[in-house]
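Below: the structure, in structure tokens.
The values are calculated or read from the model by the stated rules, or taken from the named source; none is laboratory data. What you see is a predicted model, and the numbers here were worked out from it, not measured in a lab. Positions of Cβ are generated from backbone atoms using ideal geometry, with glycine treated the same way; all protein chains shown enter the neighbour counts. The protein model used for the area step is the full one, side chains on, heavy atoms only, and it has no ligands, DNA or RNA in it. Shrake-Rupley method; radii C 1.70, N 1.55, O 1.52, S 1.80 Å.
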Amino acid sequence: MMRYGFAIDTKRCIGCHTCSTACRIENNLPAGMWWNRALTEGGAEMDTPAGEFPDATMSYLTVACQHCENPACVKVCPVGATYKDPETGVVRQDYDKCIGCRMCMSACPYNGVRSFNWEEPSYVVDFAMGDADVPPHQKHVVEKCTMCWHRLAKGEEPMCVKTCLARARFWGDLDDPESEVAKLVRERSSKQLLADEGTKPSVYYLV
């Protein structure tokens with residue numbers, strides 16, 4: 001039994017947004033949609049420092065679907081469109097089953113990690129980008145980070161991990177004590193987002 005997850009080194013992250021951009025390209029995301037975002041503690045706008053000069057500080061937190069071990073979204077989906085893969089622990093989304101009720105969005109405690117296509121998806125360029133195995137985006141369905149499922153199926157790591165310029169993102173089997181990600185979580189201090197919600201997120205932020 002595997003449990004894929006991430007360890008993100010907040011000391012190394014430089015907020016370059018490469019992971020966000022690489023995710024958009026790899027998954028051919030519709031215009032205006034982001035599955036992965038680099039947030040700052042200072043405010044909602046991009047690259048907002050906390051505090052005031054000369055005591056201002058800048059820190060980044062990249063946020064996407066937390067691929068929870070106990071996902072609230074799966075419990076409320078009435079048609080099984082949101083489900084947890086039993087072999088990997090990845091929380092997946094079946095576009096063909098989704099009826100657009102958005103109950104998963106309401107139940108998820110992590111605001112902004114899921115998006116809804118109100119209209120037929122439109123794109124910045126007039127041709128598809130990214131991997132040909134990415135499922136087509138559809139109107140009236142919920143979308144989110146898939147952990148690059150199409151890449152996992154080929155034995156490859158998620159694109160956000162592959163392209164991280166600061167080498168701040170790590171991925172692997174959290175249940176394998178010999179994996180790099182499991183060792184980092186075990187040896188470094190870390191935190192999980194909204195751990196008190198009981199969702200048991202599979203994303204650890206190394207501090």
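Restricting region 1-83 to GluC sites (Glu not before Pro) that sit in a DSSP loop and have at most 14 other Cβ atoms within 10 Å of their own Cβ leaves E41, E45, E52. When the accessible area of the chain is split by element with a 1.4 Å probe, what percent falls to carbon and sulfur? Carbon with sulfur: 52 percent of the solvent-accessible area. Averaged over its residues, the chain has an accessible area of 53 Å² per residue, based on protein heavy atoms and a 1.4 Å probe. Measuring with a 1.4 angstrom probe and ignoring ligands and nucleic acids, R37 comes out at about 70 Å² accessible.
Accessible surface ranking for D196, D133, D176, 1.4 angstrom probe, highest first: D196, D133, D176. Give the residue from A195, A132, T18 lying farthest towards the positive end of the charge dipole for the chain; charges sit on Cβ (+1 for Lys and Arg, -1 for Asp and Glu) and the dipole is referred to the Cα centre. Result: A195.
Shown are F6, F53, whose ranking by accessible area with a 1.4 Å probe and every protein chain present, most to least, is F53, F6.
A Förster distance of 25 Å, applied to the separation of the beta-carbon atoms of C101 and Q138, puts the FRET efficiency at 0.95. Cβ screening of the chain for cysteine pairs under 4.7 Å finds these without a partner: C13, C16, C23, C68, C77, C98, C101, C108, C148, C164. In this structure, the pairs whose alpha-carbon distance is over 30 Å, taken from K139/K183; K97/K200; K144/K183; K11/K139; K97/K183; K11/K75, are K139/K183; K11/K139; K97/K183; K11/K75. Taken over the alpha carbons of the chain as equal point scatterers, the Debye sum produces base-10 log I(q)/I(0) values at 0.14 Å⁻¹ of -0.85. When both region 36-102 and region 107-132 are represented by their alpha-carbon centers, they are found 13 Å apart.
So what is the 222 nm mean residue ellipticity for the chain from helices alone, if each DSSP H run of at least 4 adds -39500 (n - 2.57) and you divide by all residues, rounding to the nearest 500 deg cm²/dmol? Don't skip to the answer; put the middle values down first.
Details: 6 runs with 36 residues, N = 207.
After summing the helix terms and dividing by residue count, I get -4000 deg cm²/dmol.
Would you mind classifying region 98-207 by shape? Square roots of the alpha carbon gyration tensor eigenvalues, ordered a ≥ b ≥ c; an a/c under 1.5 is rounded, otherwise it is prolate if a/b is larger than b/c and oblate if not. Oblate shape, in that a/c is at least 1.5 and b/c is the bigger or equal ratio. Across W34, W171, the residue with the most accessible area heads the list, and the full order at a 1.4 Å probe is W34, W171.
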